[in-house]
Amino acid sequence: MSHWIDMHSHILPGMDDGAPTDEVAINMAIAAMRDGVDAVIATPHHANGIYENEAPAIMRAVDRLNELLQQRGISLQVLPGQEIRIHDRLLDDLAQMKLMGLNRTRYLLVEFPYGHLPSASEDLFHELLVQDYVPVIAHPERGAFIQSRYFGPFHCDGRLEPGHLPFAERGIRFQSPKKRLRDVPEKTLPFCRFGRAQRWFPYDRAS
């Protein structure tokens, strides 16, 4: 039997545009278990202009949902995390413990604003790496600007352009749903085939 951890889930009820109610969250948990998932990392949106879900509130919601699942006899484990929109106060919020990594590790799930690349992104990522955090970019398949900037130009035989060091080689990871990687037209991805991408770009998958 397969055992999986879903590292990007909007299962916490009422916190963002994911599960709106307890019953929906319970049904999501049951469906995850049917797919062989043993644990999910709850990653509600934070600082995206709509939702503000700081770490302490997420911890309380995770504890509540785990208790509810136990009462229903559902063995799925819910772990804490965030999907953090890149914003100006990110480093300050991190220092003030308003942010948390995936399952309280040093891996921070971050997302770019839709349609543009913040000018200070590279400086931010550099500082996170210096502080021993690992940025995990959510939904890299959504934006050509992410692909061109962070994957970098390279040839279809896997050779990188001279003098170019993609962020992937500096330790940044990329997370995308498995179905998104399968369904996105190949010409929109910055590699010739996924097998080639695995050589250069450390991907994590989620549901």
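Just so it is clear, none of the values below were taken in a lab; they were calculated from the coordinates. Bear in mind that the values here come from a model prediction, so they are computed numbers and not experimental data. Neighbour counts are summed over all protein chains in view; Cβ atoms, including those assigned to glycine, are modelled from backbone coordinates with ideal geometry.
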Discussion item. Condition first: among the charged types (D, E, K, R), crowded, with 20+ Cβ neighbours inside 10 Å and farther than 19 Å from Leu129 by Cβ. Can you find one or more residues in the range 91-111 that meet it?
Written reply: yes
Worksheet item: Within the range 26-39, which residues are in contact with a Phe, Trp or Tyr (Cβ under 9 Å, 6 or more places away or on another chain) and of a type in the set (Val, Ile, Thr)?
Response: Val37
Item to complete: Go through the range 52-67 and give me each residue that's touching a helix residue (DSSP H, G or I) at 6+ places or on another chain (Cβ under 9 Å) and of a type in the set (S, T, N, Q).
Response: Asn53
Worksheet item: Limited to the range 3-23, what total is found for residues that are on the phi > 0 side of the Ramachandran plot and either charged (D, E, K, R) or assigned to a helix (DSSP H, G or I) (or both)?
Response: 0
Discussion item. With in contact with a strand residue (DSSP E or B) (Cβ under 8 Å, 6 or more places away or on another chain) and on the phi > 0 side of the Ramachandran plot as the only criterion, which of Asn53, Asn48, Asn103, Asn66 stands out?
Written reply: Asn103
Practice prompt. Taking only the range 34-51 into account, find how many residues are acidic (Asp, Glu) and either in contact with a helix residue (DSSP H, G or I) (Cβ under 8 Å, 6 or more places away or on another chain) or surrounded by 14 or more Cβ atoms within 10 Å (Cβ to Cβ) (or both).
Written response: 1
Response to the item:
Of all strands (runs of 3 or more DSSP E) fully inside the range 24-138, the set with 2 or more residues that are closer than 16 Å to Pro13 by Cα and within 16 Å of the chain's Cα centre (by Cα) is 37-42, 77-80
